[in-house]
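Notes follow once the structure below has been shown.
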Amino acid sequence: MKVTSIIAIYALMWVMSAFILLPFGVQTHDEAGIAKVPGQADSAPANFRPGRLALRATAIAALLTGLYIANYSAGWITVDDIDLFGNPPRQHRTEG
């Protein structure tokens, strides 16, 4: 596998991990008991920490990318193993 492919897969895993982790550990001002600024949305986070989110996403993306590369190299799960709809019916040719 090329290094550019590994970087692209890592970037995709990082973005996916970051979006999945966004709602965890965040509290609104009402939940935290902090006064809101006039005009602020009720759902605005009171304790958003982008650095912590980036560190967690980096660790999870590294783990997932490592698993992907290991599966790519060892062939644990292949496309043939993911057969959601069964084998398609074969069509027989008739000569004549």
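The values are calculated or read from the model by the stated rules, or taken from the named source; none is laboratory data. Fair warning: this is a prediction, and the values are worked out from it, not measured in the lab. For neighbour counting, all protein chains shown are included, and Cβ atoms are generated from backbone atoms with ideal geometry for every residue, glycine included.
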statement: Checked the stretch 8-31 for anything under 14 Å from THR58 (Cα atoms) and either charged (D, E, K, R) or in a loop (DSSP other than H, G, I, E, B) (or both); matches are LEU22
query: Among the residues of the stretch 1-11, is any surrounded by 12 or more Cβ atoms within 10 Å (Cβ to Cβ), modelled with pLDDT of 95 or more, more than 14 Å from the chain's Cα centre (by Cα) and not acidic (Asp, Glu)?
result: yes
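Test of understanding: among PRO45, PRO38, which residue is more than 19 Å from the chain's Cα centre (by Cα), modelled with pLDDT under 95 and surrounded by fewer than 11 Cβ atoms within 10 Å (Cβ to Cβ)? Quick ask: steps written out before the conclusion?
Details: PRO45 fails: surrounded by fewer than 11 Cβ atoms within 10 Å (Cβ to Cβ).
Matching residue, one of PRO45, PRO38: PRO38.
Only one of ILE34, ILE69, ILE77 is in a helix (DSSP H, G or I) and among the β-branched types (Val, Ile, Thr); which? Steps first, answer last, please.
On the way: ILE34 fails: in a helix (DSSP H, G or I); ILE77 fails: in a helix (DSSP H, G or I).
Being in a helix (DSSP H, G or I) and among the β-branched types (Val, Ile, Thr) holds for just one of ILE34, ILE69, ILE77, which is ILE69.
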